[in-house]
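A.B. asks: Before anything else, here's the structure in question.
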Amino acid sequence: MAHVGYGIIGCGNIGPVHAAAIAAVRGAKLVAVSDVVEASARRLAGQYGATAYTDYRAILERKDVDAVCLCVPSGMRMDIAIVCAAAGKHILSEKPLEVTTKRADRIIAATDKAGVMLGCVFQSRFARGSRLIKQAIEQGRFGRLALANAYIKWYRSPAYYASGAWRGTRRLDGGGALMNQGIHQIDLLQWFLGPVKRVYAQVTCIAHEGLEVEDLATAMIEFENGAFGTIEGSTALWPGHPARVDIHGTAGGAWLEDGNLKYWKFTKRKAGDAKIESELKKESELGSGAGDPLASLKVEGHRRQIEDFTRAILKGTRSFVDGREGRNAVAIIEKIYESARKGRPVTM
């Protein structure tokens, strides 16, 4: 296989980001796109010399399509993914993998049965700052991990939720400020600190009338390694602020804002620390989703992930964020919602 031929299913907000990322990856080629809105499919296809369809099944009939990017609303991914897997196509799904773990498990089972690769987009893991923190944790530089925090203090206008009938619905969005927006930072928390043992949460909707899901949430977390954590997520906080993840231990601390390191300090310095510290004020590689979700989003994170997925297909290796990894954050958020409903802590 000289290159990986891609199809994109869903040409709305995030579909064009996938298209631009594919175009920037050596060994990847956008072959076809589909959307139920024909004008959207034709517009995106025309930009990249691809073929446009209104029925995604037409993409699956093409032998030059090796993999598909699922960019449809979250709660529609399971049904489409099962069909794609049966057609022998590798699948790279936008986050969340699905709106419940039960539905995510059905996707995983279908791809396992078909022997195709399944990936889930968590581009924040590909930021240099995220990789440096993960490496420092593995090297034991933080000492005993003690506290981890995720802050997603964002803003979404009423027009954002009105732009798609599926937005803010339990069936198709799965949740609000956590399942749709904060899931990237929640994924980083569990990637850094490992499995979660217990959560205690509260959620509400304070600023968006008619929303079925939360626009404000807080949660306390206990990790299996004994560390504590907190999550604060919202889409009601104008004008929106950088997403932040803090990691603290008995021998050091570090934190990220929109994927960029903003603090890096340990009791035992290493030779590379000075260079890392000199980069703390650099602009984010990923862009920000603080206010307008697309205005300042950069393609680079998706490009790195699609490059990794393409390489895995060509070499027959495991992708960096596979379907089981994609399931983890959904499982945590599911338990946060359960805790909020029950008004008490729940265990994973």
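The values are calculated or read from the model by the stated rules, or taken from the named source; none is laboratory data. The model shown is predicted, which means the values in this text are computed figures rather than measured ones. FYI the Cβ positions are ideal-geometry reconstructions off the backbone, even for glycines, and counts take in every protein chain you see.
A.B. asks: Is it fair to say A312 is crowded, with 18+ Cβ neighbours inside 10 Å, of a type in the set (A, V, I, L, M) and assigned by TED's automatic domain parsing to the domain that holds E138?
C.D. replies: Values: crowded, with 18+ Cβ neighbours inside 10 Å: yes; of a type in the set (A, V, I, L, M): yes; assigned by TED's automatic domain parsing to the domain that holds E138: no.
In short, no.
A.B. asks: All but one of (1) part of a helix (DSSP H, G or I); (2) hydrophobic (A, V, I, L, M, F, W, C); (3) within 21 Å of W154 (Cα to Cα) hold for W255, so report the exception by its number.
C.D. replies: (1)
A.B. asks: Moving to a separate point now. Restricting to the range 16-75, and then to whatever is more than 28 Å from D173 (Cα to Cα) and in contact with a His (Cβ under 8 Å, 6 or more places away or on another chain), can you tell me which residue is surrounded by the most Cβ atoms within 10 Å (Cβ to Cβ)?
C.D. replies: If we take residues in the range 16-75 being more than 28 Å from D173 (Cα to Cα) and in contact with a His (Cβ under 8 Å, 6 or more places away or on another chain), then A28 is surrounded by the most Cβ atoms within 10 Å (Cβ to Cβ).
A.B. asks: Next up: Out of the residues in the range 17-41 meeting the condition of being assigned to a strand (DSSP E or B) and not hydrophobic (A, V, I, L, M, F, W, C), tell me which one is farthest from T310 (Cα to Cα).
C.D. replies: If we filter the range 17-41 for residues that are assigned to a strand (DSSP E or B), which is where we start, we get 28-34.
With the extra rule that they be not hydrophobic (A, V, I, L, M, F, W, C), the set shrinks to 29, 34.
Values: K29: 10, S34: 20 Å.
Only one residue fits best here, namely S34.
A.B. asks: Here is a follow-up. Please go through the range 234-257 and pick out each residue that is under 18 Å from the mean Cα position of the chain (by Cα) and over 27 Å from E279 (Cα atoms).
C.D. replies: Correct list: S234, T235.
A.B. asks: In addition: Among (1) touching a residue at least 40 places away in the same chain (Cβ under 8 Å); (2) of a type in the set (G, A, S); (3) surrounded by fewer than 21 Cβ atoms within 10 Å (Cβ to Cβ), there is one condition G229 misses while meeting the rest; what is its number?
C.D. replies: Condition not satisfied by G229: (3).
A.B. asks: Restricting the range 258-270 to residues that are charged (D, E, K, R) and within 22 Å of the chain's Cα centre (by Cα), which is surrounded by the fewest Cβ atoms within 10 Å (Cβ to Cβ)? Reasoning before the result, please.
C.D. replies: Taking the range 258-270 as the starting set, the residues that turn out to be charged (D, E, K, R) are 258, 262, 265, 268-270.
So of that shortlist, the ones also within 22 Å of the chain's Cα centre (by Cα) come out as 258, 262.
Working: D258: 25, K262: 16.
Looking at the filtered set, the residue picked out is K262.
A.B. asks: When the range 271-291 is examined, which residues are found to be crowded, with 16+ Cβ neighbours inside 10 Å and within 24 Å of the chain's Cα centre (by Cα)? Lay out the reasoning, then the answer.
C.D. replies: Just the residues of the range 271-291 that are crowded, with 16+ Cβ neighbours inside 10 Å, to begin with: 276, 284-291.
Of everything in the range 271-291, those that are crowded, with 16+ Cβ neighbours inside 10 Å and within 24 Å of the chain's Cα centre (by Cα) turn out to be S284, E285, L286, G287, S288, G289, A290, G291.
A.B. asks: Among the residues of the range 105-115, count how many are surrounded by fewer than 20 Cβ atoms within 10 Å (Cβ to Cβ) and not charged (D, E, K, R).
C.D. replies: Selection size over the range 105-115: 3.
A.B. asks: Now a separate question. Of everything in the range 42-59, what is part of a helix (DSSP H, G or I), more than 22 Å from P293 (Cα to Cα) and touching a Gly at 6+ places or on another chain (Cβ under 8 Å)? Give them in sequence order. Steps first, please.
C.D. replies: Initial filter on the range 42-59 (part of a helix (DSSP H, G or I)): 42-48, 57-59.
Filter once more, so that each one left must be more than 22 Å from P293 (Cα to Cα): 42, 45-46, 48, 57-59.
Residue satisfying the conditions is I59 alone.
A.B. asks: Keeping to the range 62-105, report how many residues are part of a helix (DSSP H, G or I), under 27 Å from G301 (Cβ atoms) and among the basic types (K, R).
C.D. replies: 2
A.B. asks: May I ask you to verify whether V116 is farther than 20 Å from A23 by Cα, touching a His at 6+ places or on another chain (Cβ under 7 Å) and among the β-branched types (V, I, T)?
C.D. replies: Numbers: farther than 20 Å from A23 by Cα: yes; touching a His at 6+ places or on another chain (Cβ under 7 Å): yes; among the β-branched types (V, I, T): yes.
For V116, the condition - farther than 20 Å from A23 by Cα, touching a His at 6+ places or on another chain (Cβ under 7 Å) and among the β-branched types (V, I, T) - is met.
Results for (1) outside any loop (DSSP other than H, G, I, E, B); (2) in contact with a Pro (Cβ under 8 Å, 6 or more places away or on another chain); (3) hydroxyl-bearing (S, T, Y), shown as yes or no for each residue.
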position	(1), (2), (3)
K265	yes, no, no
A271	no, no, no
K275	yes, no, no
R303	yes, no, no
E307	yes, no, no
T310	yes, no, yes
A329	yes, yes, no
E338	yes, no, no
R344	no, no, no
